[in-house]
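The values are calculated or read from the model by the stated rules, or taken from the named source; none is laboratory data. This one's a predicted model, so the numbers in the text were calculated from it and none came from an experiment. Ideal geometry is used to build each Cβ from the backbone, glycine not excepted, and the neighbour counts take in all protein chains shown. The accessibility values were calculated without ligands, DNA or RNA, using every heavy atom of the protein model including side chains. Shrake-Rupley method; radii C 1.70, N 1.55, O 1.52, S 1.80 Å.
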Amino acid sequence: MAESRDDEQLSLRLAAVAALGFVLMVPPFLARFDRMGQVFGVPVLAAYLFLVWAIVIGLVAVIGGRSR
């Protein structure tokens, strides 16, 4: 019974991370970062996309690490 509940919580957390990643990468939100400027020599949009990608991967790693 406890494993089923833990699996359900894990699934809900991973679904929340997926939803967050989706919201942060939808075109209306991406348009806010589509500028001509640069961050450390990288276009703002590319830096934003890489940062969001890294955050989503990090959250999945943290959530997955707790489940073991």
| remark: Flagged pairs (Cβ under 9 angstrom, 6 or more apart or on separate chains; first in the range 36-60, under 9 Å from LEU24 (Cβ atoms); second among the small types (Gly, Ala, Ser) and in a helix (DSSP H, G or I)) are VAL52/GLY21; ILE55/GLY21; VAL56/ALA18; VAL56/GLY21
| field | the range 33-55 - residue that is open to solvent by 70 Å² or more (accessible area, probe 1.4 Å), at pLDDT 90 or above and not aromatic (Phe, Trp, Tyr) and, of those, farthest from VAL17 (Cα to Cα) | value | GLN38
| message | Condition (residue is among the charged types (D, E, K, R) and loosely packed, with under 12 Cβ neighbours inside 10 Å) applied to the range 11-31: is it met by at least one residue? | response | no
